[in-house]
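The values are calculated or read from the model by the stated rules, or taken from the named source; none is laboratory data. Treat the numbers as computed from the prediction; the structure is a model and nothing was measured. Positions of Cβ are backbone-derived with ideal geometry, glycine not excepted, and every protein chain shown enters the neighbour counts. When the accessible area is computed, the model is the full protein with side chains, heavy atoms only, and any ligands, DNA or RNA have been set aside. Shrake-Rupley method; radii C 1.70, N 1.55, O 1.52, S 1.80 Å.
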Amino acid sequence: MSNFFSSSSWLWLSRFRSSKYLLHRTLHTITATPRNTAPTSNLFNSHRSTNPWTTWSIPLALALSAGSLSLQPHYDNSFSDSFDSDNSGVRIGGKGSTQYVVKGSQKEFPQELLQELKIICEDNISLDYDERYMHGKPQYSFHQAVNIPDVIVYPRSEEEVSKIVKSCNNHKIPIVPYGGATSIEGHTLSPHGGVCIDMSSMKRVKALHVNDMDVVVEPGIGWMELNEYLEPYGLFFPLDPGPGASIGGMCATRCSGSLAVRYGTMRDNVISLKVVLANGDIVKTASRARKSAAGYDLTRLMIGSEGTLGVITEVTLRLQKIPQFSVVAMCNFPSVKDAADVAIATMMCGIQVSRVELLDEVQVKAINIANGKNFPESPTLMFEFIGTEAYAREQTQIVRKIVSEHNGSDFVFAEEPEAKKELWKVRKEALWACFAMEPNKEAMTSDVCVPLSRLADLISKSKKELDASPLVCTVIAHAGDGNFHTVILFDPTKEEERQEAERLNNFMVHAALLLEGTCTGEHGVGTGKMKYLEKELGVEALRTMKKIKSVLDPNNIMNPGKLIPPHVCL
C-alpha cells in the first residue's frame, strides 16, 4: 500500500507559500512617517525606499479602480448598519443580497491615533501599501471589499493589544483582528479601513500542563506548530482545519476539521480564553478547571464571535493523547449517495472512527492531477480508526463488511506511518489540488451541515445540480458529522461564471436549511453567509446578538460589517 502514496512536488503549492506575507514583512525595515507628496488624502508613506511610482503604480491603479482609497464620511455607528445597496435596493450582506464586494466608507485616519500606535507598537507597525493590500484581500476567499486597512499593527503582548484597542475606541476607528489568513468567508476584510491587528507575533506557548492534558497559548500560534511542540510529550491538539490556521482564528470562527467526528469542534476543546474588549478591558472567561457552573459561559460566547466582540489574546486548550495505533482505509462507490449511506451506517453501528471523509470523483481527479497519483476516479470514502492495534484492526474489518453491503469496492488500508501521512496530506490539500486542475480559476468554497441522517439527501440533491453546471465543481464532506463542502471553480473576469457559482452556493445552502441544517458548519459567517442567518435563526435571535454587541462594543469598532446582517435593527 505504501507505494500508493509516494511523495511528489506540487508546483501549485506556490500559491500557498507565496501567500505567507510574514516572510515579505521581515524583508523590510518598517518606518511610519507621513508622506507629504501623496496625491490622495491617505497620507501614509511606504516603508520602502524605492521609487514611489514604481512601487505603487500597479497596486494603486487596481485599488483606485475599486475605490479602495476613496475617503468618505466615517461609517454609521448606529446599530442598524448603513451599507450601500445593490441595484435591487437590497443592502450588501443583507437578506436577499447577491453582492460579494463589501462596500463601506472610510474617513481620513487621525494623525493623533497614528502617533499613539507608533508609541505603543514602536517599529511593529506598517503603512506599506502592498502589506495593507495583502491583509485586506483574503488569500483563500473570493469575497472582496472596496477598502483596505489604513494601518497594520503587530502587537507583541496582551497589554499592547489592550492599549491599541482602547486608543482605537477613543477615536472610533474600526479594528479587524487578523490570524493565519486562511478564512474563507471574508472575516478579515476591512470595508471601513481602520486598524488591522495582526496577531502573528504573539505565538508563545505560555504553559503546558502534561498531567492535566491542557496547554495555554497565545493566539498567533498555528495548530500545526503547536502539535510539533506537543509531540515529544505524547500529546496533540485534535482539531485540524486548513494548513496555516492559527489558534486565535480557529476560536474566532468556531472551526473544526476532519477529526471533529471524534473530538468535537473548537467549542468543545477550549477551556478558557482571555479577551480584550472594545474599551480595552482584559477579561478572563473561565478558570482552568475542566468543568464549571460559575456564571455565564463567556468562553462559548466569544468562540465563534469572529472578532465582533473582542480580540482573543490567550487560549487554554484541552489536549489528547497521541493514539497508540491507527489504520487508514479507503474505498470506492458508484455514487456519492452510496458513499454517504456507508458513512451514516458506520456511525449508526457505534464504531468510534476518528475520521470519515467523502470525496467525489471530480475531487479525486484533481488529487491525481496535482500529485501524479492513480486513485480510481469515483466517489471515495476515507476512514481512520484509532486505539490499540487489535481494536483498530477489528473496526477496520467491521467497516469493510459494511462497505461490501452498500455497493462499495476496492477497500484498501494502510498501517505504515508514511503511507498514512501521505494519504491525509493529499486530503488536507484538496483545495490546492483543484487549482492544479483549473490553474486560471478562482474558488468559491462553501460549507453547510445537516443532521447526519439527512446527509445523503443533501449530497444527492447538490451533486445533481453541481454536475449539471458548466462550471467545474468538487464535493468534499466530513461525512461522519454531516458537514458538506463544495469547491466551485470560476473565472473571476466573467460575471456570468461568478453568478453561476453564487447560484450553486445559494442552492446548496437553501437545500441544507430545508433539511434542518445550517448555512455553515465550520467556515463561519463573515460577510459571505450573513444573508442566510435570518432564515436559519430568525430575526429574534439576530436582535439578541445585536443587543449583546451593542453593550460590549457601543462604538461598533470591533470588526464591523461581519456576522450580524446589516438589516437587523434594535
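Taking the centroid of alpha carbons for each part, region 413-446 and region 136-210 are 29 Å apart.
Peptides 238-246, 185-193 ordered by packing proxy, namely the average of other Cβ atoms within 10 Å per residue, highest first: 185-193, 238-246.
The three principal axes of the C-alpha atoms in region 278-352 carry coordinate ranges of 57, 30, 22 Å, sorted with the longest axis first. Nonpolar atom fraction for region 101-186, defined as the carbon and sulfur part of the 1.4 Å probe accessible area, stands at 47 percent. How far apart, in nanometres, would the label points at Asn170 and Ala390 be if each is projected 7 angstrom from Cα along the Cα-to-Cβ direction? Modelled inter-label distance: 6.8 nm.
Taking the Cα centre of region 318-366 as reference, the dipole from Cβ charges on Lys and Arg (+1) and Asp and Glu (-1) amounts to some 340 debye. Across all C-alpha atoms in region 143-221, the radius of gyration and Dmax reach 14.9, 50 Å. In order along region 542-550, the phi-based Karplus estimate (6.51 cos²θ - 1.76 cosθ + 1.60, θ = phi - 60°) of 3J(HN,Hα) comes to 5, 5, 5, 4, 5, 5, 4, 5, 5 Hz; Gly and Pro are listed as x. Value of Rg to Rh for region 459-561, rounded to two decimals, is 1.04; Kirkwood radius and Rg both from alpha-carbon coordinates. A simple charge model with +1 on the Cβ of Lys and Arg, -1 on the Cβ of Asp and Glu and nothing else charged puts the dipole of region 164-218 at about 280 debye relative to its Cα centre. Loop-located GluC sites (Glu not before Pro) across region 95-170 with a Cβ neighbour count of 16 or fewer within 10 Å are Glu108, Glu122, with loop assigned by DSSP. Using only the C-alpha atoms, the convex hull of region 255-390 corresponds to 180 Å³ per residue. Across region 421-570, the mean sequence separation of Cα contacts (distance under 8 Å, 6 or more residues apart), normalised by length, yields a relative contact order of 23 percent.
Sites listed here are GluC sites (Glu not before Pro) in region 505-538 whose DSSP assignment is loop and whose Cβ has at most 11 other Cβ atoms within 10 Å: Glu516. Placing +1 on the Cβ of every Lys and Arg and -1 on the Cβ of every Asp and Glu, with nothing else charged, gives region 453-570 a dipole about its Cα centre of roughly 400 debye. Orientation-averaged projection of region 384-454 equals 7.4 nm² [convex hull of Cα atoms, one quarter of hull surface area]. Applying the Karplus relation 6.51 cos²θ - 1.76 cosθ + 1.60 with θ = phi - 60° to region 255-269 yields 3J(HN,Hα) values of 7, 8, x, 6, 8, 4, 4, 9, 9, x, 9, 4, 5, 8, 10 Hz, where x marks Gly and Pro.
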